[in-house]
Amino acid sequence: MREAVYTFLEAQNIPYRLQEHEAVFTVAESSMKLPEKVPVKTLLVTDEKKQQVWMVAMRGLNRLDMKNLAQACGVKKLQFVRPERVEELVGVHPGSVGIFGLLHPGAETTHVIVDESLMQEPELGFHPNDNTATVFLKPEDIQKVIIATGHEYRILPL
């Protein structure tokens, strides 16, 4: 899985920095292993009819306001994607979700939302579909990843 991410980044001429570490499953664990990293969490949410899915990248210590996000997405209500469906959509278990899950065939109709405050950071880290490493990218390169995978995205204040 990891190699596909590195191959993709190299094919797109997107520079990255790789850091390997012990497996991390939460923002708290990630912050302990990589204290210099901006805490980022990537969540999968769906509308109440489970017809649309959004991947949301946001600051790891913040709480997602589902009501405001639902309004911004033009739906009545949002809920988290069920754990058993996460792997089907992005090819990883909950706790390993990141933007590179967009490479998975199940993610082809997933929409992406990035917290606008993340775009001000010098670099952001995401698992390369394996939570024993972190790939660091500049925020503008995250946008390139999303575009290169053929996904629509929005940058919103979260």
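What follows draws every value from the coordinates through simple rules; no lab data is involved. Bear in mind the structure is a predicted one, so any value in this text is a computation, not a measurement. So basically every Cβ, Gly included, is an ideal-geometry build from the backbone, and we count neighbours across all protein chains shown.
Remarks
- Residue ID - surrounded by the most Cβ atoms within 10 Å (Cβ to Cβ), chosen from residues in the range 3-48 that are touching a helix residue (DSSP H, G or I) at 6+ places or on another chain (Cβ under 9 Å), of a type in the set (Val, Ile, Thr) and within 18 Å of residue 118 (Cβ to Cβ): 40
- Index of the failed condition, residue 106 passing every other in (1) part of a helix (DSSP H, G or I); (2) touching an Asp or Glu at 6+ places or on another chain (Cβ under 6 Å); (3) under 21 Å from residue 14 (Cα atoms): (3)
- First in the range 62-83 and basic (Lys, Arg), second anywhere and in a loop (DSSP other than H, G, I, E, B), Cβ under 6 Å, 6 or more apart: 77/48
- Just one of (1) crowded, with 16+ Cβ neighbours inside 10 Å; (2) touching a residue at least 40 places away in the same chain (Cβ under 8 Å); (3) in a loop (DSSP other than H, G, I, E, B) fails for residue 94. It is (2).
- The listed residue being under 15 Å from residue 157 (Cβ atoms), surrounded by 13 or more Cβ atoms within 10 Å (Cβ to Cβ) and not small (Gly, Ala, Ser), out of 86, 56: 56
- Every residue from the range 55-96 that is touching a helix residue (DSSP H, G or I) at 6+ places or on another chain (Cβ under 6 Å) and either of a type in the set (D, E, K, R) or within 20 Å of residue 139 (Cβ to Cβ) (or both): 60, 77, 88
- Candidates are the residues of the range 5-34 that are under 21 Å from residue 61 (Cα atoms) and free of Cβ contacts under 8 Å to residues at least 40 places away in the same chain; the one that is nearest to the chain's Cα centre (by Cα) is 27.
- Test: residue in the range 74-83 that is in a helix (DSSP H, G or I), among the hydrophobic types (A, V, I, L, M, F, W, C) and either surrounded by fewer than 16 Cβ atoms within 10 Å (Cβ to Cβ) or over 16 Å from the mean Cα position of the chain (by Cα) (or both): no
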